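Trainee: Below is one structure. I have some questions about it.
The values are calculated or read from the model by the stated rules, or taken from the named source; none is laboratory data. Note that the structure is a prediction, hence the values are computed from the model and not measured. In this analysis, Cβ positions are derived from the backbone assuming ideal geometry, glycine residues included, and neighbour counts consider all displayed protein chains. Ligands, DNA and RNA are stripped out before the accessible areas are found, and what is left, the full protein with its side chains, is counted by its heavy atoms. Shrake-Rupley method; radii C 1.70, N 1.55, O 1.52, S 1.80 Å.
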Amino acid sequence: MLLPLFPLSVCILPGGFAQLRIFEVRYQRLVKESLNNELGFGVCMLDEDKKTLLPIGTRCKIIDFETLEDGLLGITITGVDKFKLDYFKHENDGLKRGKVTIMPSWEPTPIAINQQKLTLVLKELLTHYPTHLSRYNLENFTDLSWVCQRWLEILPLPLIEKQHCIASNDHRIALSLLDDILKESDLN
């Protein structure tokens with residue numbers, strides 16, 4: 001599958017939401033293309049030097065758009081599925097287009113009683129971001145895989161750790177990382 005690519009320094013995963021400001025001509029073209037096809041576009045995180053695309057990204061679709069107060073285009077996107085970036089090329093205007101291979105999604109997993117804290121703390125954090133919170137259904141918070149993905153989106157982790165978690169076949173590596181972080185925070 002060939003997708004236009006949007007490099008970002010933030011992480012979005014399947015089921016997640018992000019709001020973006022579009023001002024460069026190449027990304028205006030990406031938006032137009034994405035609104036005219038079913039595939040959407042790919043979001044790839046940039047490494048620390050902001051020059052290299054990381055190998056695991058997320059196929060996204062535009063679910064809303066608006067003209068912002070400053071006259072720029074604002075779009076709201078949602079993550080659809082993960083992909084492995086096989087290769088990419090630069091087009092004349094600088095837009096990157098990549099060949100991607102879709103990766104399996106993490107299977108939904110019920111949250112056990114001893115994992116409830118992950119959900120409670122996430123809901124509490126999201127109350128400070130009501131726009132994001134309003135996009136999610138209450139049922140989402142009962143799925144451990146979904147909850148782990150939201151944590152990966154918001155935690156300020158080294159990109160290599162995020163990529164390692166995202167590249168895995170299920171939520172277990174992310175859960176182990178989150179458990180360690182919560183244990184450390186409980187000690188303070």
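Trainee: Just the number, please: carbon plus sulfur as a percent of the accessible area of the chain, 1.4 Å probe, no ligands or DNA/RNA counted.
Mentor: Its accessible area is 56 percent carbon and sulfur atoms.
Trainee: Using a basic spin-label model with each label point 7 Å from the Cα along Cα→Cβ, how many nm lie between Thr142 and Lys123?
Mentor: So the two model labels end up 1.2 nm from each other.
Trainee: 222 nm [θ] for the chain, helices only, -39500 (n - 2.57) per DSSP H run of 4+, per residue, to 500?
Mentor: -10000 deg cm²/dmol
Trainee: Give the accessible surface of the chain per residue, rounded to a whole number of Å², with probe radius 1.4 Å and ligands, DNA and RNA excluded.
Mentor: For the chain, the per-residue accessible area is 55 Å².
Trainee: Seen from all sides and averaged, what is the projected area of the convex hull of the Cα atoms in the chain, in nm²?
Mentor: 11.6 nm²
Trainee: Near the amide H of Phe6, under 5 Å away, which other amide H atoms are found, from residues 5 or more places off or on another chain, if H is placed in the peptide plane?
Mentor: Gly42, Val43, Cys44
Trainee: Here's another thing I want to ask about it. Please label the shape of the stretch 1-58 as rounded, prolate or oblate, based on the square roots a ≥ b ≥ c of the eigenvalues of the alpha-carbon gyration tensor (a/c under 1.5 means rounded; beyond that, a/b larger than b/c means prolate, else oblate).
Mentor: Verdict is prolate for the stretch 1-58.
Trainee: Further question on the same structure: Contour minus end-to-end for Arg26 and Leu72, with contour as 0.36 nm per residue of separation and end-to-end as the Cα-Cα distance?
Mentor: Using 0.36 nm per residue and subtracting the Cα-Cα distance, I get 15.2 nm.
Trainee: Something else now. Leaving ligands, DNA and RNA out of it, work out the accessible area of Met1 with a 1.4 Å probe and give it in Å² to the nearest 10.
Mentor: Only protein atoms counted, so the area is about 80 Å².
Trainee: What is the calculated FRET efficiency for Asn114 to His164, with r their C-beta to C-beta distance and R₀ = 30 Å, to the nearest 0.05?
Mentor: E between Asn114 and His164, to the nearest 0.05, is 0.80.
Trainee: If one takes the longest principal axis of the Cα atoms in the chain, at what angle in degrees, from 0 to 90 and to the nearest 10, does the Cα axis of helix 116-126 lie?
Mentor: 40 degrees
Trainee: In terms of the Cα gyration tensor, with a ≥ b ≥ c the square roots of its eigenvalues, is the stretch 1-102 rounded because a/c is under 1.5, prolate because a/b exceeds b/c, or oblate?
Mentor: rounded
Trainee: Once phi is turned into θ = phi - 60°, what whole-Hz ³J(HN,Hα) does the Karplus curve with 6.51, -1.76 and 1.60 give for every residue of the stretch 164-179, x standing for Gly and Pro?
Mentor: Calculated HN-Hα couplings, in order: 4, 5, 5, 6, 6, 7, 8, 7, 4, 5, 4, 4, 4, 4, 5, 4 Hz.
Trainee: Could you pull out the longest piece of the chain with no exposed loop trypsin sites (Lys or Arg not before Pro) in it, calling a site exposed if DSSP puts it outside H, G, I, E, B and it has at most 12 other Cβ atoms within 10 Å?
Mentor: 52-188
Trainee: Relative contact order of the chain: what whole-number percent is it, with Cα pairs under 8 angstrom and at least 6 residues apart?
Mentor: The value is 22 percent.
Trainee: In nm, what is the difference between 0.36 nm times the number of residues separating Asp180 and Val10 and their Cα-Cα distance?
Mentor: Additional length available on full extension: 59.0 nm.
Trainee: How many nm is it between the label spots at Ile63 and Ile102, if each spot is 7 Å from the Cα in line with the beta carbon?
Mentor: 1.8 nm
Trainee: For a test of the definition: using alpha carbon positions, the gyration tensor, and the 1.5 limit on a/c, classify the stretch 97-146 as rounded, prolate or oblate.
Mentor: Because a/c hits 1.5 or more and a/b fails to exceed b/c, the stretch 97-146 counts as oblate.
Trainee: What is the helix-to-structure angle for 144-154, meaning the angle in degrees between its Cα long axis and the longest Cα principal axis of the chain, kept from 0 to 90 and rounded to the nearest 10?
Mentor: Around 60 degrees separate the two axes.
Trainee: Assuming a viscosity of 0.692 mPa s and a temperature of 37 °C, what translational diffusion coefficient in µm² per second does Stokes-Einstein assign to the stretch 46-148, Rh being the Kirkwood radius over Cα pairs?
Mentor: In µm²/s, the coefficient rounds to 195.
Trainee: Test of understanding: what is the full-extension gain from Met1 to Lys51, defined as 0.36 nm times their sequence separation minus their Cα-Cα distance?
Mentor: 15.7 nm
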